[in-house]
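All remarks here apply to the structure that follows.
The values are calculated or read from the model by the stated rules, or taken from the named source; none is laboratory data. Computed from a predicted structure; not experimentally measured. Cβ placement follows ideal geometry from the backbone for every residue including glycine, while neighbour counts extend to all protein chains displayed. Side chains are part of the model used for accessible areas, which takes the heavy atoms of the whole protein and leaves out ligands, DNA and RNA. Shrake-Rupley method; radii C 1.70, N 1.55, O 1.52, S 1.80 Å.
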Amino acid sequence: MNIWELYKNSNWVEPFLMGSICLFVGISAVLYLLIIESRNRKIKQEKLRNDYEQIIVELMYSVVFMDTPFSSVKEDPNYVMFFKNAYFREVLNESVINLHKNYDGVYALKLEQFYKESELINSSFKKLKNHKWEVKCKGITELAEMNITDASDKIISLSKSKNKVLKITAINAAIRLEGINGIIHLTEHPYPIDDWTQLNIINAFKKHDIGDTQGVEYLLESKNTTVVALGLKLIKELKLTQKLHHVEQLTERAPNILIQYEAQSVLKALTVNLISE
């Protein structure tokens, strides 16, 4: 009753409105200051990035084209302080990765050596342990780009993730690093591999031009029918006529009618390819 009487006399309205207005103004002011601070931070970071990129251009030219060893670089007073800066190392890592995409042969090997000796590789490995899947994907992509085969086991373990993007990224990286061996583990894969993932795996083989296809027939022996279907698609798309015998065996012991039809279709395609050869 006391609350009801207080509500009816309307004495609370004015202080309530004043308080609400003050709270709204206060929150708006705080948000405005936070936006300004965030904007200023980004501007400073962008300016710092531009300064760092100029230094990195000189550094990379010295290492890649002038054959300057990293042991000399890390003792150079012009670079010592920068290598201790976390943001500089982040920008440097991105630059090395991007350069590696545009070079091959001796220059690519020099960049890979620098990546290891400068311990930029450690930051990529740390990303694999991050709880955010997008950070893990970035670490996987970096290690695969720099041909770090020591990371294969960890990348293959991440390919078992239920996150589709992380799974595809990890499988593609494993294919780049290990070829067929990068997907042999799928024979024991407990979950269905959807068509989109299968398409990405096939494209990865085409993109990286995997020469050695020894072992792809093991996929046909999996108890997971989607893995068997993937094996058939790989054999067909890569025109692996040397796997004809394995496909013939599958048509006789196919686990279901769909796989049998698909195996027969692949068998016909391989036979045509064999005749044309």
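Flag set for Gln264, criterion: modelled with pLDDT of 85 or more, part of a helix (DSSP H, G or I) and open to solvent by 60 Å² or more (accessible area, probe 1.4 Å). Of everything listed in (1) within 24 Å of the chain's Cα centre (by Cα); (2) modelled with pLDDT under 90; (3) buried (at least 18 other Cβ atoms within 10 Å of the Cβ), the single unmet condition for Lys243 is (1). Of the residues making up the range 54-88, those that are acidic (Asp, Glu) and in contact with a Ser or Thr (Cβ under 7 Å, 6 or more places away or on another chain) number 0. Taking the criterion of being under 15 Å from the mean Cα position of the chain (by Cα), without any contact (Cβ under 8 Å) to a residue 12 or more places away in the chain and either within 14 Å of Glu119 (Cα to Cα) or outside any helix (DSSP H, G or I) (or both), the only residue of the range 90-104 that qualifies is Glu94.
When Ile175 is tested against (1) out of contact with any Ser or Thr (no Cβ under 8 Å at 6 or more places or on another chain); (2) among the aliphatic types (A, V, I, L, M); (3) more than 15 Å from Thr149 (Cβ to Cβ), just one condition goes unmet, and that condition is (3). The residues on offer are Phe82, Phe24, and the sole one that is at pLDDT 80 or above, of a type in the set (Phe, Trp, Tyr), open to solvent by 90 Å² or more (accessible area, probe 1.4 Å) and in a helix (DSSP H, G or I) is Phe24. For the range 115-127, the criterion of a residue being without any contact (Cβ under 8 Å) to a residue 12 or more places away in the chain, open to solvent by 20 Å² or more (accessible area, probe 1.4 Å) and not in a helix (DSSP H, G or I) is satisfied by at least one position. Every condition in (1) touching a Leu at 6+ places or on another chain (Cβ under 8 Å); (2) hydroxyl-bearing (Ser, Thr, Tyr); (3) without any contact (Cβ under 8 Å) to a residue 24 or more places away in the chain holds for Ser222 except the one numbered (3). Got at least one residue in the range 41-56 being among the polar types (S, T, N, Q), open to solvent by less than 100 Å² (accessible area, probe 1.4 Å) and farther than 25 Å from Ala86 by Cβ? No.
Annotation: Thr213 fulfils all but one of (1) of a type in the set (Val, Ile, Thr); (2) open to solvent by 90 Å² or more (accessible area, probe 1.4 Å); (3) in contact (Cβ under 8 Å) with a residue 24 or more places away in the chain; the unmet one is (2). All of Glu142, Glu112 fail the test of being part of a helix (DSSP H, G or I), surrounded by fewer than 20 Cβ atoms within 10 Å (Cβ to Cβ) and acidic (Asp, Glu), apart from Glu112.
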